[in-house]
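Reading through the C-alpha cells given below for one structure.
The values are calculated or read from the model by the stated rules, or taken from the named source; none is laboratory data. Please read these numbers as outputs of a predicted model, since none were measured by experiment. Please note: Cβ atoms are built from the backbone with ideal geometry, for glycine as well, and neighbour counts cover all protein chains shown.
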Amino acid sequence: MNPGGRTVRVPAGWLREATVAVFTAAGFEPPAAGEIADALIDADLRGTPSHGVMLVPMYVERLRAGSVTRHTTATVVSDSPTFVLLDAGHAMGQLTSAQAVDLAVERARRSGTAAVGVRHAHHFGAAGRWAQRAADAGCIGIALSNTTALMPAPGGAERLVGNNPLAIAVPTADGPPLVLDMALSAVALGRIRLAAASGKPIPPDWATDPDGVPTTDPEEAIRGMLLPAGGHKGFGLALMIDVLTGVLTGGGWGHHVSSLYRHLDQPNDVAHLFLVIDPAHTGESGFATRTAELAGAVRGSARAPGTDRIWTPGEPEAERSRAQLAAGVALDTVVVEELRAVAESLGVTLAVPATREPASSGELPTGGLSMPKQEIVAPQLRTPPGVFSHATVVEATGRLVFVSGMTARRADGTIAGVGDVAAQTRQVCENLAAALAAAGGTLDHVCRVDVFVRNMEDFAAIHAVRRQFFHPPLPASTMVEVTKLAAPEYLIEINAIAVLPPELPS
C-alpha cells in the first residue's frame, strides 16, 4: 500500500459487487467469493479497516503464489460428538471459518457444547464475525486464532508469540449480540500498517523498534515488536491461545506461523479454535432475556462526569455499521485505488463510484441498477435485531413483482430440511431467488418480505441464513409465528415484494 491517501465514502453495495468480482476473477465460485467479500466488508463497516478490503491485494497475491488455495471445504481429520478437527489445506480463512462455526453450532445443538479446531489455516479476518455467527444462531460463540510471532515475553527482546485474537459473542433477546473482539497486543498490526500507508505517526505505547525501544514511527514498529495489551496479562493470554489453537490441533504455533504480509509464497499456517455453547441445554429458559437485562444494566449504570453514554461490547461497532450502510463505507483512497488496480490485473474493470461524505439519508445503489433503494433505520426506534430495516424507500418507475409464499419444497416435490429450520430457510431463499430470476430480477430488488414461522425461537437461526442471501440496503420485514403452514413439515414460509427497473442491464 502506498502512503498519501485520504478518507472517502463509497456505497456498500458497490463495494460488495467490486470485491465479489475480484475473487470470482481470482478463481472462486460466486457464493464463495461472496462469503469472503461479506467478511471483509463487515470489518470495514464495523470500523476495523485493518481487517477489511485493504487485505484484498495481499490475498490475491497469495492466491497467485499458491500459498493460499482455492479449496472451499476443509477436510475432517478426526470427529467425535463434541470435538472435530479440520485441516483447511491453506484455504481462505473466511471459507474455512464459516464451515467450522456452522459445524460447531450443529454439534452444540445436539450435545450442548462443541469445539472445532482448524489446522493449516489462513488468516480469517476479524474474529468477532465468527463468534457472532454462532450468536446469530442463538448460541454462545468463542473464536480463537494465532498469528505469527509479534510480541516479546515480559522483559524479553525477541518476538515470541502472536497478538492472538479472542472473540466472544452472546445472543440477547432485544438487539444485536454482545460481542467482545480483541487482539492481545495494544493494537492490531493492521492498524500500524494503515498508519504507515497514510504517513501518520503512532502512539508510543503501541510498539517498539527492533531494539525493543518504544517508537512512534510505524515503519520502525513493523520491523520491531508489538507490545502486549495489559503487559504480562496480555502475553499470558496470547501464549495460552497459541496452545489452544496451534499446539492442540497439530498446526503452526509461535515461530512456525509465517508472517501474513511477508514471504507471500509461504503458507500462513495459522490455526483456529471455535467453541460453541447452546444455552438451551442448561435446562434454564430465558438466557437471551437475562443477557439483555445485564446489557441494560451496563448501559443504565451511573456515568462518570463528562461521559455521555456507556456502551456494551460490540454496540459501538453495530451502530457504526448501521451508520456506514447509510452514509457509505469509509475507506482510504489508496485502498479504493488498490482494489481497482488488483481488479484490472485480473481482467475486471471497476467503474469507481463517485465518492461522498456522510449524508442524512441511507440511499445506496443496488448493484449499480438504475433504481436506488433506500434503507431506513429510524433513530427513534430500536435498532433492527435481524437482517431487515425499519422501512424501504424506492423511487420507482419500473415493475412491481409480488412473489407468492415460498416454502422449502424443491422442484422435484421433496421437502428440504425436514426438522431443520436453517436448511428450510436456505431452500426458501433459493426458491425466492429462482422466482425473481424468472421475472428478470434478483434478491437485491426485494423491498419487503413477510415471514411466517412455526416457532419464533428460531429467529436467530433464520436470520443467520437470511444474512447470506440479503445484502444492504436491507428490505423491510415482518415475522409472524403461526400454528400451521400448508404442510406439517414446513417450518417457514416467505413472500416478497420486489421493484425491478424497466430494463435490466445485460
Original post:
Do any residues in segment 418-436 that are without any contact (Cβ under 8 Å) to a residue 40 or more places away in the chain have Cβ atoms under 7 Å from those of residues that are among the charged types (D, E, K, R), where the two are at least six apart or on different chains, and which pairs are they?
Top reply: 427/410
**OP:** Filter segment 288-318 down to residues that are under 28 Å from residue 104 (Cβ atoms) and either touching a residue at least 40 places away in the same chain (Cβ under 8 Å) or loosely packed, with under 12 Cβ neighbours inside 10 Å (or both), then give me how many there are.
**Re:** 12
**OP:** Would you mention how many residues in segment 253-287 are within 27 Å of residue 112 (Cα to Cα), touching a residue at least 12 places away in the same chain (Cβ under 8 Å) and among the charged types (D, E, K, R)?
**Re:** 1
Original post:
Considering segment 121-147 alone, what residues qualify as being in contact with a Pro (Cβ under 7 Å, 6 or more places away or on another chain) and under 17 Å from residue 261 (Cα atoms)?
Top reply: 145
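Here's a check for you: in segment 50-108, which residue that is hydroxyl-bearing (Ser, Thr, Tyr) and under 14 Å from residue 124 (Cβ atoms) is farthest from the chain's Cα centre (by Cα)?
For segment 50-108, the residue satisfying everything is 59.
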Subject >> Selection within segment 276-314 - in contact with a strand residue (DSSP E or B) (Cβ under 8 Å, 6 or more places away or on another chain) and of a type in the set (Asp, Glu) >> reply: 278
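Before we move on, is residue 25 touching a Gly at 6+ places or on another chain (Cβ under 7 Å), small (Gly, Ala, Ser) and surrounded by fewer than 18 Cβ atoms within 10 Å (Cβ to Cβ)?
yes
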Subject >> Selection status of residue 216, of a type in the set (Ser, Thr, Tyr), touching a strand residue (DSSP E or B) at 6+ places or on another chain (Cβ under 8 Å), in a loop (DSSP other than H, G, I, E, B) and farther than 25 Å from residue 59 by Cα >> reply: no
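Could you pull out the residue among 169, 127, 121 that is surrounded by 24 or more Cβ atoms within 10 Å (Cβ to Cβ) and more than 27 Å from residue 58 (Cα to Cα)?
169
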Subject >> Filter pass, residue 428 being modelled with pLDDT of 90 or more, surrounded by 18 or more Cβ atoms within 10 Å (Cβ to Cβ) and assigned to a strand (DSSP E or B) >> reply: no
**OP:** Search segment 47-76 for residues being among the β-branched types (Val, Ile, Thr) and under 21 Å from residue 339 (Cβ atoms), and hand back the single one that is modelled with the lowest pLDDT.
**Re:** 48
**OP:** Could you identify the single residue in 485, 443, 500, 491 that is within 25 Å of residue 38 (Cα to Cα) and in contact (Cβ under 8 Å) with a residue 60 or more places away in the chain?
**Re:** 500
Original post:
Can you tell which of 464, 438 is assigned by TED's automatic domain parsing to the domain that holds residue 406, assigned to a helix (DSSP H, G or I) and either surrounded by 20 or more Cβ atoms within 10 Å (Cβ to Cβ) or touching an Asp or Glu at 6+ places or on another chain (Cβ under 6 Å) (or both)?
Top reply: 464
**OP:** Answer yes if at least one residue in segment 483-492 is exposed (fewer than 15 other Cβ atoms within 10 Å of the Cβ), over 23 Å from residue 390 (Cα atoms) and at pLDDT below 90, and no otherwise.
**Re:** no
**OP:** Scan (1) over 15 Å from residue 189 (Cα atoms); (2) out of contact with any Pro (no Cβ under 8 Å at 6 or more places or on another chain); (3) surrounded by fewer than 21 Cβ atoms within 10 Å (Cβ to Cβ) for the single condition residue 232 breaks and write down its number.
**Re:** (2)
